[in-house]
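Peer 1: I'd like to ask some things about the structure below.
The values are calculated or read from the model by the stated rules, or taken from the named source; none is laboratory data. Computed from a prediction, not measured in an experiment: that's the story for all the values here. We place every Cβ from the backbone using ideal geometry, glycine too, and count neighbours over all the protein chains shown. To get the accessible areas, we keep the full protein, side chains included, count just its heavy atoms, and leave off ligands, DNA and RNA. Shrake-Rupley method; radii C 1.70, N 1.55, O 1.52, S 1.80 Å.
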2 protein chains.
Amino acid sequence: MTDKTSGGSHPEKCASLGEFGRIREFLAPLTLGHPDSLNLRDDAALLTVPEGDDLVVTTDTIVRHVHFLAKDGPGDIASKLMRVNLSDLAAKGAAPLGYSLSLALPVSVDDGWVRAFAERLAEEQATFGIRLIGGDSVRTEGPEVLTINAYGLIPKGQMMRRDGAKAGDLVYVTGTIGDGALGLMAARGDFIGLPGAAELVRRYQIPEPRLALGEGVRGLVNGAMDVSDGLVGDLAAMAGTSGLGAVLHSHLIPLSDPASELLAGDPDLMISVLTGGDDYELLLTVAAENKAAFERKAEATGIPVTAIGEITAAYTSGMVAVLDADGNRVNLDNLKYTHI
Amino acid sequence: MTDKTSGGSHPEKCASLGEFGRIREFLAPLTLGHPDSLNLRDDAALLTVPEGDDLVVTTDTIVRHVHFLAKDGPGDIASKLMRVNLSDLAAKGAAPLGYSLSLALPVSVDDGWVRAFAERLAEEQATFGIRLIGGDSVRTEGPEVLTINAYGLIPKGQMMRRDGAKAGDLVYVTGTIGDGALGLMAARGDFIGLPGAAELVRRYQIPEPRLALGEGVRGLVNGAMDVSDGLVGDLAAMAGTSGLGAVLHSHLIPLSDPASELLAGDPDLMISVLTGGDDYELLLTVAAENKAAFERKAEATGIPVTAIGEITAAYTSGMVAVLDADGNRVNLDNLKYTHI
């Protein structure tokens, strides 16, 4: 781990621990003493990939005001940063191995912030079985920009891919959809008085990476990605990378209780369910002949999966037709959309 | 490669290509069509590590106003970002394999900037034999924050380490020292009229990663790192991680012609040579019995190396005594230091 708080300057002399001190005090313990991380005192770390495995690499950057709220604290920011990266590993069917961390922090961020950030990372590491291997810590004059590169292991040739969908595949999602977008709206002051509003906000702030499911159904899945930019757009992207389209049945989309209650009162909120982001559920396509085996494997992980559509060669590449319970096309343009 | 320009929004509709368009047009070609990168259309990439090798991972982040100048153009910024990371691989003795790229860009950055940035990355890739494997592209309200995670291959057990220095080792540097710090001063308006000023500025802007040397001397080196934060501080850090100190002979430090000319006129500039950063030369410690073999191997790479000191157990851990040609201690506090 390196410290370049300023080009060619001496270490800063101030009441703060400074970047080196923060790395030593707060971040070095996150390596869990693994020798390959060299206690964050080197310019690089070492990763050993077992014979028979490949390494899956994913990168996600989050920025204050863009990917998290100005009022979010260091713990929740750490959780989100970690979990959005783990969600990408889950979508590949990979097992978490380690991660590199890059922190670009304004000078207004104090040692206490970094301590709380690191403490939450330690908790998340224990939850998901991953450890810090290295990174960088720098100063910026702008808002926090935080990057994790996450590394996972996958048996050679078994990585699930976004471009694996085939015509006739069933389209599944894990968990419930729409809570991320509705949670962001709730965090910004909508849905005052709704009993489940706090639950929605937590879903936006703390996504649940579906690692057990990704690993569990590996080999039974054709196409896979996580739903981070909105269900319809992500399904269009996945089908499109295979030159295919998709049918999506809106009445089959699994909803949480608070989301169901909200939609009962304002059906136009379906637009947020369909196109909002930040769900971090898995979107998976499964050949019809693997349906039973897939559902059995999924059930064993305890993570619910729901079939919501089909991949089809009937449409132009990347087109998604959203149909309601009567089979009528849902025109997304007719739904009132509140840009968030 | 993922695109999260805003939490849960539709793709932006504007004259710009947008993030997806920029990734497709400018960044996807940087994968050189390698299938493991999935054309940047997946959430992750795959890295295959040959049997017998380990993977070296290094992370460097650079920020406008901190690590490069406000007036620097996209090409030179791309070169610096790439080269500071490759310098870390060089210091490990690793061979470049691939890199992940995270771009946090303000909305004021237009498509032309990204095109020029990517074009320079393509040139650097060809020079150094590395390819893009994945990354992320996000929006920020602050200055550009650019991160590369670089991956290199190393035969198992052969990675050079910062903490390998042993008492009695000779201390070597590659190339010339001080040009980075003097170049930053020149870029900020010092040394007007000096014929070599432009050369110094280029040295600050475009460091030269010493990959051939790192690979060439692997096995003959005990401790290794790159000189990025200043020669004395970096040598102190290297010796200190082994619980040792060092002697540094200031008159042996290799200087470029313009640096020599500047120091002849103002000897106090030696402080910038000793403590300035951004040289990105390698700092290597070599056992006395390997001196001849090391110098022979180094010569074969065409990259000059100079012995400038010794590692010693005589001092407290991390102490560096800087001695002049007469053997007198140079008191760094007595030198006029201009904070940069």
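Peer 1: Normalised by the number of residues in region B:128-268, what is the relative contact order in percent for Cα pairs under 8 Å and 6+ residues apart?
Peer 2: Dividing the mean separation by the residue count of region B:128-268 yields 33 percent.
Peer 1: Kindly report, to the nearest 10 Å², the accessible surface of B:Val201 as traced by a 1.4 Å probe over protein heavy atoms only.
Peer 2: 30 Å²
Peer 1: Accessible area per residue for the protein assembly as shown in Å², computed with a 1.4 Å probe and the full protein assembly in place, what is it?
Peer 2: 35 Å²
Peer 1: Here is the link list: B:Lys92/B:Lys291; A:Lys92/A:Lys291; B:Lys80/B:Lys297. Which ones come out longer than 22 Å on Cα distance?
Peer 2: Correct reply: B:Lys80/B:Lys297.
Peer 1: In nm, one decimal, shortest first: how far is the label point of B:Lys71 (7 Å from Cα along Cα to beta carbon) from the matching points in the other copies?
Peer 2: Nearest to farthest, the other copies are at 4.5 nm.
Peer 1: A follow-up question, please. If each label sits 7 angstrom from Cα along the C-beta direction, how far apart, in nm, is B:Asp326 from its counterparts in the other copies?
Peer 2: 10.0
Peer 1: State the percent of C-alpha pairs, over all pairs in region B:162-334, separated by a distance greater than 23 angstrom.
Peer 2: When every Cα pair of region B:162-334 is considered, 37 percent fall beyond 23 Å.
Peer 1: Here's something else I'd like to know. Just to verify a number: FRET efficiency for A:His34 and B:Asn39, C-beta to C-beta distance, R0 = 35 Å, to 0.05?
Peer 2: Efficiency, from the Cβ-Cβ distance: 0.55.
Peer 1: Out of the chymotrypsin sites (Phe, Trp or Tyr not before Pro) in region A:44-147, which ones are loop residues according to DSSP with at most 15 other C-beta atoms within 10 Å?
Peer 2: Those that pass, being in a loop and sparsely packed, number zero.
Peer 1: Region A:142-165 to region B:25-49: how many Å between their Cα centroids?
Peer 2: 12 Å
Peer 1: Ballpark to the nearest 100 Å², how much total accessible area do A and B bury together, probe 1.4 Å?
Peer 2: 5800 Å²
Peer 1: Continuing with the same structure: Over every pair of different alpha-carbon atoms in region A:17-155, take the mean of 1/r and invert it; report that Kirkwood radius in Å.
Peer 2: 15.2 Å
Peer 1: How large are Rg and Dmax for region B:264-340 when only the alpha carbon atoms are used, in Å?
Peer 2: In order Rg, Dmax, the Cα atoms of region B:264-340 give 15.3, 40 Å.
Peer 1: Quick check: the distance between the Cα centres of region A:196-224 and region B:278-303, to the nearest angstrom?
Peer 2: Between the Cα centres of region A:196-224 and region B:278-303 lies a distance of 51 Å.
Peer 1: Please report the accessible area of B:Thr275 (heavy atoms, 1.4 Å probe, ligands and nucleic acids excluded) in Å², nearest 10.
Peer 2: Here the accessible area works out near 10 Å².
Peer 1: Within chain A, which is the longest segment that contains none of the trypsin sites (Lys or Arg not before Pro) sitting in a DSSP loop with at most 16 other Cβ atoms within 10 Å?
Peer 2: Excluding the exposed sites themselves, the longest stretch runs over A:189-335.
Peer 1: Between A:Ser108 and the same site in the other copies, what are the distances in nm, shortest first, taking label points 7 Å from Cα along the C-beta direction?
Peer 2: Computed spacing set for this position: 1.9 nm.
Peer 1: Assuming R0 = 25 Å, what is the FRET efficiency of A:His251 and A:Arg202, from their Cβ-Cβ distance, to the nearest 0.05?
Peer 2: Working from the Cβ atoms, E equals 0.45.
Peer 1: Defining a contact as two alpha carbons under 8 Å apart and six or more residues distant in sequence, what relative contact order in percent does chain B show?
Peer 2: That works out to 21 percent.
Peer 1: Next question, about the same structure. Want the number for B:Asn331 to B:Asp111: 0.36 nm per residue separation, take away the alpha-carbon distance, what's left?
Peer 2: Gain on extension, B:Asn331 to B:Asp111, equals 74.2 nm.
Peer 1: Just the number, please: carbon plus sulfur as a percent of the accessible area of the protein assembly as shown, 1.4 Å probe, no ligands or DNA/RNA counted.
Peer 2: That share works out to 52 percent.
Peer 1: Something else about it: Along the Cα-to-C-beta direction of A:Lys71, a point sits 7 Å from the Cα; which residues of region A:193-234 have their amide N less than 20 Å from that point?
Peer 2: A:193-207
Peer 1: Among DSSP beta bridges lying fully in chain B, give the percent that are antiparallel, nearest 5.
Peer 2: Bridges in chain B are about 70 percent antiparallel.
Peer 1: What span do the alpha-carbon atoms of chain A cover on each of the three principal axes, reported in whole Å from largest to smallest?
Peer 2: 69, 52, 34
Peer 1: Select the chain A residue whose beta carbon lies nearest to the rotation axis carrying chain A onto chain B, and write the distance in whole Å.
Peer 2: Looking at chain A's Cβ atoms against the axis toward B, the nearest is A:Gly142, 1.
Peer 1: Provide the percentage of antiparallel DSSP beta bridges, counting only those with both residues in the protein assembly as shown; round to the nearest 5.
Peer 2: Antiparallel bridges make up about 70 percent of those DSSP assigns within the protein assembly as shown.
Peer 1: Taking the DSSP beta bridges in region B:162-334 as the whole, what percent of them are antiparallel, to the nearest 5?
Peer 2: 85 percent
Peer 1: If R₀ is 25 angstrom, what is the calculated FRET efficiency for the pair A:Thr306 and A:Gln158, using the beta carbon separation as r and rounding to 0.05?
Peer 2: Efficiency for this residue pair is about 0.55.
Peer 1: Counting only helical runs of four or more DSSP H residues, what would the 222 nm mean residue ellipticity of the protein assembly as shown come to if each run contributes -39,500 (n - 2.57) and the total is spread over all its residues?
Peer 2: -9000 deg cm²/dmol
Peer 1: Per residue of A:62-68, how many C-beta atoms from partner chains lie within 10 Å of its own C-beta, taken as a mean?
Peer 2: So the per-residue partner count for this stretch is 6.
Peer 1: Bins of 20 Å, beginning at zero and ending with the bin holding the largest distance: percent of Cα pairs per bin for the protein assembly as shown, please.
Peer 2: 19, 50, 25, 7, 0
Peer 1: OK, next. Kindly list the residues of region A:247-272 that lie in the label zone of A:Asp324, defined by a backbone N under 19 Å from the point 7 Å along the Cα-to-C-beta vector.
Peer 2: So the set is A:247-255, A:260-272.
Peer 1: Just grab the label-to-label distance for A:Glu51 and A:Ala264, each label 7 Å out from Cα along the Cβ direction, in nm (one decimal).
Peer 2: 6.0 nm
Peer 1: Expressed as an acute angle from 0 to 90° and rounded to the nearest 10, what is the orientation of the C-alpha long axis of helix A:111-128 relative to the principal long axis of chain A?
Peer 2: With both axes taken from Cα atoms, the answer is about 50 degrees.
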